[in-house]
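J.: One structure coming up, written as structure tokens, with questions to follow.
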Amino acid sequence: NAGLDAAHGEFVMFVDADDAISDGSLEHMYSANCDFVLAGFEKVMDHKILESYSPSKSASYYGTGEICSFFDKVLPLQNTYILNSACFKLFRRSVLVDNNVRFVEDLSFAEDKIFVMSFLQYVQRVRTVAFIAYTYFLRSGSLSSDMRSEAHAREVFKLLEVYGPVLKNLESRFADSQRITALYHMDFVGRYVCRILGIFATRRTELLSEENIAVLYKYMSADPDLDVFSLRLGQIPNILLYKVGRPHLTCRIYSFCSSLLHRHRSSSV
């Protein structure tokens, strides 16, 4: 946000301190003259490419209808993967300024994702460029992340509070996009709500309470596509408990399961 306040150019690009952009990337992306420009990236560790992504073609999308097509052609079916980072993208600065788009400073998980999706509510012209513009340099151990911890669950709870309104605004603007309208079911509930439920079922945590279960069930009740078999098979027990609709019972079952697993892990050690 300090960088955004200091910026004076027509466009903004974010580059992490230990990463790199390809020669000519900025010139090529700038020539599109769009509000939002999406290029490709690669992840490199020990001089080996672990992963790479690039849009399948260079194309422009003008207006709400065509941007719906952009989402449906470019977004993965089940998540927002390529929007999760603010890197390998150009943002028109006037759109950021006019709509006061900033990073949410009390988020330490998925803050890039919220920034990008908040920005996309306001764009009129989008461009994809089919080349690798950005390189993430990863160090050994940098891929590890404890997504089953209580600390992570707390961050996901905070994310849900912010993500819900942003997603609602995106769905309102791009109602004809199948990908955007599916995100509440596949990403908000299927990824994040169910991740917290999974932590509750497998880890002993102070967050496990009838009140927090009720909050998660309220999120789930807003998902018209949620059914027993609508998500991954591993979520069937969580969805069945939700269908029963008794947070107190769910809380007791999760407490019992997590205690058993905790004793098993302790005895294994």
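The values are calculated or read from the model by the stated rules, or taken from the named source; none is laboratory data. Everything numeric here is computed off the predicted structure, so don't read it as measured data. In this analysis, Cβ positions are derived from the backbone assuming ideal geometry, glycine residues included, and neighbour counts consider all displayed protein chains. Protein only, heavy atoms only, side chains kept; ligands, DNA and RNA dropped before computing areas. Shrake-Rupley method; radii C 1.70, N 1.55, O 1.52, S 1.80 Å.
J.: Report in % the part of the accessible area of the chain that belongs to carbon and sulfur, leaving out ligands and nucleic acids; probe 1.4 Å.
T.: 52 percent
J.: Per residue, how many Å² of accessible area does the chain show with a 1.4 Å probe?
T.: For the chain, the per-residue accessible area is 51 Å².
J.: As a test question: what accessible area, to the nearest 10 Å², does residue 158 have when a 1.4 Å probe is rolled over all protein chains in place?
T.: Here the accessible area works out near 70 Å².
J.: Under a point-charge model restricted to the Cβ atoms of Lys and Arg (+1) and Asp and Glu (-1), what is the dipole moment magnitude of the chain relative to its Cα centre, in debye to the nearest 20?
T.: 920 debye
J.: Then there's this: Mind putting a number on the dipole of the stretch 137-269 about its Cα centre? Charges go on the C-beta only, +1 for Lys and Arg and -1 for Asp and Glu, and I need it in Debye to the nearest 20.
T.: Roughly 440 debye, rounded to the nearest 20.
J.: With a 1.4 Å probe and all protein chains kept in place, how much accessible area does residue 146 have, in Å² rounded to the nearest 10?
T.: 100 Å²
J.: So how strong a dipole does the stretch 100-182 carry about its Cα centre when Lys and Arg Cβ are +1 and Asp and Glu Cβ are -1, to the nearest 20 debye?
T.: Computed charge dipole of the stretch 100-182: roughly 340 debye.
J.: Next question, about the same structure. Could you sort 154, 173 by accessible area so the largest value comes first, with the probe set to 1.4 Å?
T.: Final ranking, largest accessible area leading: 154, 173.
J.: Could you name the lysines whose alpha carbon sits less than 19 Å from that of residue 158, not counting residues in the same chain fewer than 8 places away?
T.: Cross-link targets: 113, 168, 218.
J.: So for 113, 43, what's the accessible-area order with a 1.4 Å probe, most first?
T.: 43, 113
J.: Would you please state which residues of the stretch 121-142 a label at residue 100 would reach in this model, taking the label point 7 Å out along Cα→Cβ and a backbone N cut-off of under 19 Å?
T.: 121-123
J.: Hey, if you put +1 on the Cβ of every Lys and Arg and -1 on every Asp and Glu Cβ in the chain, which of 251, 166, 95 ends up farthest toward the positive end of that dipole?
T.: Positive-end residue among those listed: 251.
J.: Compare 220, 13, 186 in a GNM of the chain, Cα atoms joined below 10 Å, and give the one with the largest fluctuation.
T.: For the chain, modelled as a Gaussian network with Cα springs under 10 Å, the answer is 13.
J.: Moving to a separate point now. Largest first, what is the accessible-area ranking of 104, 166 with a 1.4 Å probe?
T.: Numbers: 104 45, 166 15 Å².
Putting 104, 166 in descending order of accessible area: 104, 166.
J.: Relative to the longest principal axis of the chain, what angle (0 to 90°, nearest 10) does the C-alpha long axis of helix 111-120 take?
T.: 50 degrees
J.: Measure nothing but the geometry: give the 0 to 90° angle between the long axis through the Cα atoms of 63-74 and the longest principal axis through the Cα atoms of the chain, rounded to 10°.
T.: 60 degrees
J.: Given the C-alpha atoms of the chain, compute the convex hull and give its volume per residue in Å³.
T.: It is 148 Å³ per residue.
J.: To continue, here is another question. Which angle between 0 and 90 degrees, to the nearest 10, do you get for helix 150-173 versus the longest principal axis of the chain when only C-alpha atoms count?
T.: So the helix axis and the longest Cα principal axis differ by about 50 degrees.
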